[in-house]
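Here's the structure, in structure tokens; my notes come after.
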Amino acid sequence: MTTEREPLLEVKDLRVSYGAIRALSGVSLKVYEGEIVSVIGSNGAGKSTLMNAIMGMVRREAGEVRLSGSLLDSRSYRVVQQGVSLSPEGRKVFAPLTVLENLRMGAFPRGGQGSIGEDLEWVFTLFPRLKERIGQYAGTLSGGEQQMLAIGRALMSRPRVLLLDEPSLGLAPIIIKDIFKELRLINNEGVTILLVEQNARQALLLSDRGYVLQTGEMVMDGPSQELLANPEIKAAYLGAGGEKAIRSVKH
Amino acid sequence: MATLIQQIINGLSLGSVYALIAVGYSLVYSILLFSNFAHGGFLVIGGYFCYGSLRLLGAGIWTAGALALIGAGFAAVLTERLAYRPIRERTNVTLYLLIASMGMNIVIENIFVIIVGGRFRALPPVIPTTPVSVMGLATTSAFDLISLLSAVVFLGALQLFLSKTRWGLAIRAAAYDLRTAGLMGVNVNLLISIVFFVAGFLAAVGGIFLSVRYTLYPQLGAITIKAFVAAVIGGLGSLPGAVIGSLILGLAEMLTAGFISSQMRDLVVFSLLVITLLVKPTGLFGKSVSEKV
């Protein structure tokens, strides 16, 4: 693969613990400019912890996270300023604020002025539904609309890397299809995407490359097409067999 | 009839001072989910800053007032940095913050007992108390009208700050979900400092008016219990609730004093609290806790 290029986002040997419980034991991954990379894994594999650790929302015990070669700050507000934003698990829209106010919050690091109008237009072109609901309270939106809002909000900071934590969570299959189509469009606009998903099939169909996270360790990685065809992955994550852990560790 | 109008004006005036205190209290609660019992301390700090500036510096009321508000604002920020932030960074259990705030209240009170002594001090007559006729229907004191007007101005300014500015928006977002506000690129520690500054600032406005009304002493902050009751009646964490609750409380106190007996005031206040907790425990405008999951 393109190993000579410098990755846009690089996670190296990242460790995170909650008290005595180790959530991530030395996780590494690379995301190159323009890529969509997915991390798949079952419940409790450490996917959200990985996202939160990159964002500085949980303490990184060891290891490092770099953006274009320079270290990402450990404080999340600095991470956003440096160019990484997250659409969190469970969407976490600000329910008592309007759609517009939610999007404004996404643009917070830029001082709220300048090109915010342009970015609003951009987000509204991607998600026309949000424009229709501009003055509505976020709490009154449907699940799919809330997910669009969470993604739009994360885009308002004009990130170089967009992190997505389970964008399919709790949504109907038809809505999931819509959301993933939008992610493809967003990527075509030049936004690099790192996505963690339990919905392995959708994630791998969308992404260029994939990683498999299992109980805090990366157990496999490769081009998404290969992962989709891999019998072990099929058995463990694509519903072709029972939930069976992957034994072989390849790097 | 004249007595009724007079007592209504007095009630609104007292209620609006409670509102200044209750709003700060509620603002802190909405962000950090604990009742800051050191809030009364901020009010006392404001009172003494004002007193000191008037007596020792010979400043006018505008300068003394400004110094008091800013001084109390920074004292509130300092309290948060010293006593609450170290706890916040180690645990999510808000009970520890509550206990720390009780401790800070005692600390602030006793700092003043040591430095200036426990005796009651009257502020120089900087706020006029001349009788004023209200449209020929009743007479009231200019002081009551001025305190009512000031409260309206400061509460209006707070409303503008929260609804029109970028940090105001961030505070409203953080009141719903502090963690996610941090994820949006908001420096959460700075936001909390701003909230405490505003809370201390508004408490000092209330502190100045209360010192004129009741004289100034280190335990004056105990009056915050009334603002606390008002905030609970209105719904903890809700700013309109805090204002409405305060006005209800002020009116109830003054109408009781005017038509029943002055000694019954506190009985009525706490009866209102008990009734609210029995009938609608979340207060008039309170959000139910389950919404916040």
First in segment A:142-168 and away from chain B (no Cβ under 14 Å), second anywhere and basic (Lys, Arg), Cβ under 6 Å, 6 or more apart | A:Glu145/A:Arg129; A:Gln147/A:Arg91
Extreme residue, farthest from the chain's Cα centre (by Cα), among residues of segment A:129-149 that are open to solvent by 30 Å² or more (accessible area, probe 1.4 Å) and polar (S, T, N, Q) = A:Gln136
Conditions (1) over 20 Å from the mean Cα position of the chain (by Cα); (2) aliphatic (A, V, I, L, M); (3) more than 10 Å from chain B (Cβ to nearest Cβ): number failed by A:Ala95 = (3)
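For every residue, the table says whether it meets (1) in contact with a strand residue (DSSP E or B) (Cβ under 7 Å, 6 or more places away or on another chain); (2) polar (S, T, N, Q).
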| position | (1), (2) |
| --- | --- |
| A:Arg110 | no, no |
| A:Gln147 | no, yes |
| A:Pro159 | yes, no |
| A:Glu166 | yes, no |
| A:Ala172 | no, no |
| A:Ile193 | yes, no |
From the option list A:Asp165, A:Asp178, single residue qualifying as crowded, with 23+ Cβ neighbours inside 10 Å, closer than 18 Å to A:Ile36 by Cα and not aliphatic (A, V, I, L, M) is A:Asp165
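Output the residue which, of all residues in segment A:41-59 that are among the aliphatic types (A, V, I, L, M) and modelled with pLDDT under 95, is surrounded by the most Cβ atoms within 10 Å (Cβ to Cβ).
Result: A:Ala45.
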When restricted to B:Tyr29, B:Tyr84, B:Tyr48, the only residue among the hydroxyl-bearing types (Ser, Thr, Tyr) and open to solvent by 30 Å² or more (accessible area, probe 1.4 Å) is B:Tyr29
Does segment A:120-127 contain at least one residue that is crowded, with 20+ Cβ neighbours inside 10 Å, within 11 Å of another protein chain (Cβ to nearest Cβ) and either hydrophobic (A, V, I, L, M, F, W, C) or within 13 Å of A:Arg153 (Cα to Cα) (or both)?
-> no
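If we keep just the residues of segment A:60-74 that are within 14 Å of another protein chain (Cβ to nearest Cβ) and touching a helix residue (DSSP H, G or I) at 6+ places or on another chain (Cβ under 9 Å), which is surrounded by the fewest Cβ atoms within 10 Å (Cβ to Cβ)?
Pass one, segment A:60-74, residues within 14 Å of another protein chain (Cβ to nearest Cβ): A:72-74.
This time we only want the ones that are touching a helix residue (DSSP H, G or I) at 6+ places or on another chain (Cβ under 9 Å), so: A:72-73.
Details: A:Leu72: 23, A:Asp73: 16.
The qualifying residue surrounded by the fewest Cβ atoms within 10 Å (Cβ to Cβ) is A:Asp73.
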Pairs, please: C-beta under 7 Å, at least 6 apart or cross-chain, first residue closer than 15 Å to B:Phe37 by Cβ and in segment B:206-233, second among the basic types (Lys, Arg) and open to solvent by less than 40 Å² (accessible area, probe 1.4 Å)?
-> none
Can you spot a residue in segment A:17-38 that is without any contact (Cβ under 8 Å) to a residue 60 or more places away in the chain, open to solvent by less than 40 Å² (accessible area, probe 1.4 Å) and not acidic (Asp, Glu)?
-> yes
Somewhere in segment A:194-204, is a residue over 19 Å from A:Glu89 (Cα atoms) and open to solvent by 10 Å² or more (accessible area, probe 1.4 Å)?
-> no
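Rundown of residues vs (1) on the phi > 0 side of the Ramachandran plot; (2) of a type outside the set (A, V, I, L, M); (3) open to solvent by 10 Å² or more (accessible area, probe 1.4 Å), yes/no style:
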{"residue": "B:Leu20", "(1), (2), (3)": "no, no, no"}
{"residue": "B:Asn36", "(1), (2), (3)": "no, yes, no"}
{"residue": "B:Gly41", "(1), (2), (3)": "no, yes, no"}
{"residue": "B:Arg55", "(1), (2), (3)": "no, yes, yes"}
{"residue": "B:Thr63", "(1), (2), (3)": "no, yes, yes"}
{"residue": "B:Gly71", "(1), (2), (3)": "no, yes, yes"}
When B:Ser53 is run through (1) in contact with a Leu (Cβ under 9 Å, 6 or more places away or on another chain); (2) in contact (Cβ under 8 Å) with a residue 24 or more places away in the chain, the failure sits at (2)
Matching residues in segment A:154-180 - criterion: being over 22 Å from A:Ser115 (Cα atoms) and among the basic types (Lys, Arg) = A:Lys177
Tell me, which helices (runs of 4 or more DSSP H) lie completely within segment B:120-199 with 1 or more residues that are open to solvent by less than 60 Å² (accessible area, probe 1.4 Å) and away from chain A (no Cβ under 14 Å)?
-> B:142-164
Failed condition for A:Pro96, given (1) open to solvent by less than 50 Å² (accessible area, probe 1.4 Å); (2) touching a Phe, Trp or Tyr at 6+ places or on another chain (Cβ under 9 Å), with all others met?
-> (1)
Filter result for A:Ala45 (of a type in the set (Gly, Ala, Ser) and within 10 Å of chain B (Cβ to nearest Cβ)) = no
Test: B:Val212 is of a type in the set (Val, Ile, Thr), open to solvent by 30 Å² or more (accessible area, probe 1.4 Å) and within 11 Å of chain A (Cβ to nearest Cβ) | no
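The values are calculated or read from the model by the stated rules, or taken from the named source; none is laboratory data. Everything numeric here is computed off the predicted structure, so don't read it as measured data. Every residue, glycine among them, receives a Cβ derived from its backbone with ideal geometry; neighbour counts consider all protein chains shown. These accessible areas exclude ligands, DNA and RNA; they are computed on the full protein's heavy atoms, side chains included. Shrake-Rupley method; radii C 1.70, N 1.55, O 1.52, S 1.80 Å.
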